[in-house]
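Undergrad: Supplied in structure tokens, the structure appears directly below.
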Amino acid sequence: RVASLQWSYSSGGPTPSWIQVNRGHHDISHDGDGIAAAKDQLTKIDNWYSQQFLSLIQKMDGIQEADGSLLDNSMVLWVNELAKGNIHSHGPMCYVIAGKAGGALQTGRYLYAQENHNNLLVSVMNKMGVEGNSFGDPAFCTGPLKSL
């Protein structure tokens, strides 16, 4: 089973006024690197998203199954579609993966991979028991990440 949770479409950019940010996320993401107010607002937004991710995985960890928790038997990937919004770059990107995928995933590591994120998605697919060597456009795939 696969689920996807998307807070907003990429160019939508809700205005997260509940965290005292009064501009749209997408709009702020296009500000230059030297604009301190934009950095502060993006940090608030990213912090809020991280809290939501933490809440999700804590709840999953609290649901016990016969062979561990729901989180132990799942893999949860947190990702943004761009590394830097103001220049629309795709790398280097940060990803957070939680869960053990039923024992297929070693946790507690920090990995650095120079490969395209499509290869990460191939790896996720493979760790969840779906065979294949490409995800999305095959021109952007060389296969699963060896380090994952």
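The values are calculated or read from the model by the stated rules, or taken from the named source; none is laboratory data. Note that the structure is a prediction, hence the values are computed from the model and not measured. Don't worry about glycine lacking a Cβ; one is built from the backbone with ideal geometry, like all the others, and counts go over all protein chains shown. Please note that ligands, DNA and RNA were not included when accessible areas were found on the heavy atoms of the full protein model with its side chains. Shrake-Rupley method; radii C 1.70, N 1.55, O 1.52, S 1.80 Å.
Undergrad: Could you please state how large a percent of the accessible area of the chain is carbon and sulfur, counting protein chains only and using a 1.4 Å probe?
TA: Summing carbon and sulfur atoms, their accessible area is 54 percent of the total for the chain.
Undergrad: For LYS39, list the aspartates and glutamates whose Cα falls under 19 Å from its own Cα; do not include residues on the same chain fewer than 8 positions away.
TA: ASP27, ASP31, GLU81
Undergrad: So how far apart, in nm, are the two label points at ALA37 and VAL130 if each is 7 Å from Cα heading toward Cβ?
TA: 4.3
Undergrad: I would also like to ask the following. Rounded, prolate or oblate: which fits the chain, taking a ≥ b ≥ c as square roots of the Cα gyration tensor eigenvalues, rounded meaning a/c under 1.5, else prolate when a/b beats b/c?
TA: Oblate.
Undergrad: Put LEU120, LEU54 in order of accessible area, largest first, 1.4 Å probe: what do you get?
TA: The residues order as LEU54, LEU120, largest area first.
Undergrad: While we're here: Would you list which lysines come within 16 Å of LYS59, measuring only between C-alpha atoms, while excluding same-chain residues fewer than 8 positions from it?
TA: LYS100
Undergrad: If I take R0 = 41 Å and measure r between the Cβ atoms of ALA139 and SER8 in this structure, what FRET efficiency does the formula 1/(1 + (r/R0)^6) give, to the nearest 0.05?
TA: 0.90
Undergrad: Enter the accessible area per residue of the range 1-122 (Å², integer; probe 1.4 Å; all protein chains in place).
TA: Heavy-atom SASA per residue in the range 1-122 reads 67 Å².
Undergrad: In percent, how large is the relative contact order of the range 23-84, given Cα pairs closer than 8 Å and 6 or more residues apart?
TA: Relative contact order, the range 23-84: 21 percent.
Undergrad: With angles folded into 0 to 90 degrees, how steeply does helix 117-127 sit against the dominant principal axis of the chain? Use alpha carbons for both and round to 10.
TA: The helix 117-127 is inclined about 30 degrees to the chain.
Undergrad: Expressed in nm to one decimal, what extension gain is obtained for the pair ASN80 and TRP18 from 0.36 nm per residue of sequence separation less their Cα-Cα distance?
TA: 20.2 nm
Undergrad: Given 0.36 nm per residue, what is the gain on full extension from LEU54 to ARG109 after removing their alpha carbon distance, in nm?
TA: Gain in length upon complete extension: 18.1 nm.
Undergrad: Leaving out ligands, DNA and RNA but keeping every protein chain, what accessible area does GLU81 have, in Å² rounded to the nearest 10, with a 1.4 Å probe?
TA: Surface accessible to solvent at GLU81 totals approximately 110 Å².
Undergrad: Can you tell me the FRET efficiency between MET93 and GLN64 if r is taken as the Cβ-Cβ distance and R0 is 30 Å, rounded to the nearest 0.05?
TA: For R0 = 30 Å, the calculated efficiency reads 0.35.
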